[in-house]
1. Filter the stretch 205-240 down to residues that are of a type in the set (A, V, I, L, M, F, W, C), part of a loop (DSSP other than H, G, I, E, B) and closer than 13 Å to Gly174 by Cα, then give me how many there are.
2. Quick check, is Pro70 surrounded by 10 or more Cβ atoms within 10 Å (Cβ to Cβ) and either modelled with pLDDT of 80 or more or part of a loop (DSSP other than H, G, I, E, B) (or both)?
3. Select from the stretch 302-338 the residues that are under 26 Å from the mean Cα position of the chain (by Cα) and among the charged types (D, E, K, R) and write down the one among them that is surrounded by the most Cβ atoms within 10 Å (Cβ to Cβ).
4. Among the residues of the stretch 205-252, which ones are on the phi > 0 side of the Ramachandran plot and exposed (fewer than 14 other Cβ atoms within 10 Å of the Cβ)?
5. Residues of the stretch 254-270 being at pLDDT 80 or above and over 14 Å from Arg163 (Cβ atoms), which ones?
Amino acid sequence: MDVAACKASCLELAGCEAIVVPTKKLGWGESCNRRSQVDLARCSTNAGTWSSDYDTYTLAPLPPLPPSVPHPPAPPPRPIHPPSSASVINARFATDAGVLVHLLDSYIFVDGEVSGLSGQGRFGQLGTISATIILQRQRERFGPKIPVYDINDAGRYGGVVIRQEAVHLRCMYGADIGSWGVQGGCQDRSNGWCDEFVDASRDNPCAGLQHPSSYKCKCCTQFSPGCSTSSMPPWRGEHVGVFLDFYLRYGGHPACCGSGYNEVIIQAGDAWNHALPGPIEAFFYDVARKNEEWGKGASAHARRMRDGFVQKWGLTTADVPLLEFDRTNYEWPFEPAAGE
């Protein structure tokens, strides 16, 4: 074994600091002696002795390995939700939790397409998503049709049912306040939040209050027509139950437009994208707009969006159903679409 090979052998042995090899070939095979704890000052160098026939080479120890850089933790797995159905959604509609829906429109969905990813005309591009909670109890105050966002192009592309437990509710308003013009959707406006009315009486929440507190109370709990879109304070997402109590009792006075629906602001962007496909429980279309002449109608658009969505996420049409939505039916508003 030559010197280079002997050095390499030493480096492979833990604690090896030096090698001792014959100065010249001795005729009986070349030896490689690996040594540790070597003190060269104590080595013999006397000529004519056996030690003069060997050379000692010290080796610089290998530099320590750099500390390992921890890998960032893997993102948590996407939650798995059971398949939904019209009966599951209708049952929730009949409870005080209600059903969270978003009507698709040309402002958010270019060409009526939805993939769930960030990019032009899709949910993930936005910092927030505007939705509404519909409930059977709205019939008592809101007339013959379930109130939803129904202006401009809303409804032409159908809509989506959103799993409330799969998203973060940032805030709620008792009417459409034009959240597209509000930074973050829940900007703490001059009137602040509605926190102070969480424990207010449901029967007479503003009794004994003086202006300006009485004005804020009416905007938070009674959604008075005198509350402009710029002055209506938001309710925090964690107070959704209290908010709905007041909305179902006093709502129906839209401050902006539409049918008196409430406006719910959902966290979008990366939070929404990472939660996909879970937030989207079902696609639907308004049965009244099923066969509109333009663009083959809402049913064709909604089916195309649903089919693209399940293909994108490796799901089946049974996982994410396509439903018909009848706004006049407070008992059973959702039915499976034809062919489902």
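The values are calculated or read from the model by the stated rules, or taken from the named source; none is laboratory data. From a predicted model like this one, the values you see are computed outputs, not experimental measurements. Here Cβ is always computed from backbone atoms with ideal geometry, including for glycine, and neighbour counts include all displayed protein chains.
1. Selection size over the stretch 205-240: 3.
2. Judged against the criteria, Pro70 is not a match.
3. Among those that are under 26 Å from the mean Cα position of the chain (by Cα) and among the charged types (D, E, K, R), it is Arg306.
4. Gly208
5. Passing the criteria: Gly260, Tyr261, Asn262, Glu263, Ile265, Ala268.
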